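Notes for the one structure printed next.
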Amino acid sequence: MKPLLILILLALTFSWGIARAGDKRISISDLHFVKTVKGHMRIEGLVKNLTNHPLRQVYVAFNLLKNGMVVGYSTDIVFNLQPKQEWLINARCHTRIVKPDHFRLAELSAIP
């Protein structure tokens with residue numbers, strides 16, 4: 001019963017992430033893990049404003065996973081992203097004990 005519940009929750013999280021990541025005003029690319037000098041994990045990547053007007057706020061959130069199970073989260077936000085401008089995501093990974101082996105985009109949203 002418990003494994004079935006975990007699978008259902010993961011499927012719902014994945015479906016919600018795809019729906020929220022469908023914003024046509026912004027693109028996201030080159031996502032990857034980076035280890036800092038102090039040994040902390042971060043997610044880096046590029047977000048681009050595809051519109052002809054500034055975006056007041058752009059927010060990105062990731063689920064951190066280990067063997068398919070959510071073990072933490074990571075978020076980043078930028079304000080006043082100008083038309084066609086790119087933003088370098090630098091999202092610190094928040095986990096307690098378990099180090100993630102991959103991540104999944106949970107939300108990508110923009111406020112014009």
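List of remarks:
- Residues satisfying the stated conditions in segment 81-96, i.e. assigned to a strand (DSSP E or B) and basic (Lys, Arg): Arg92
- For Val78, the stated conditions do not hold, so it cannot be described as in contact with a Ser or Thr (Cβ under 9 Å, 6 or more places away or on another chain), surrounded by 13 or more Cβ atoms within 10 Å (Cβ to Cβ), in a strand (DSSP E or B) and not aromatic (Phe, Trp, Tyr).
- Scanning segment 23-66 for residues that are under 22 Å from Asn80 (Cα atoms) and assigned to a loop (DSSP other than H, G, I, E, B) returns Asp23, Lys24, Arg25, Leu50, Thr51, Asn52, His53, Pro54.
Rule-based calculations on the coordinates, nothing more; no lab input. Here the structure is a predicted model, which is why all the values come from computation and not from measurement. Don't worry about glycine lacking a Cβ; one is built from the backbone with ideal geometry, like all the others, and counts go over all protein chains shown.
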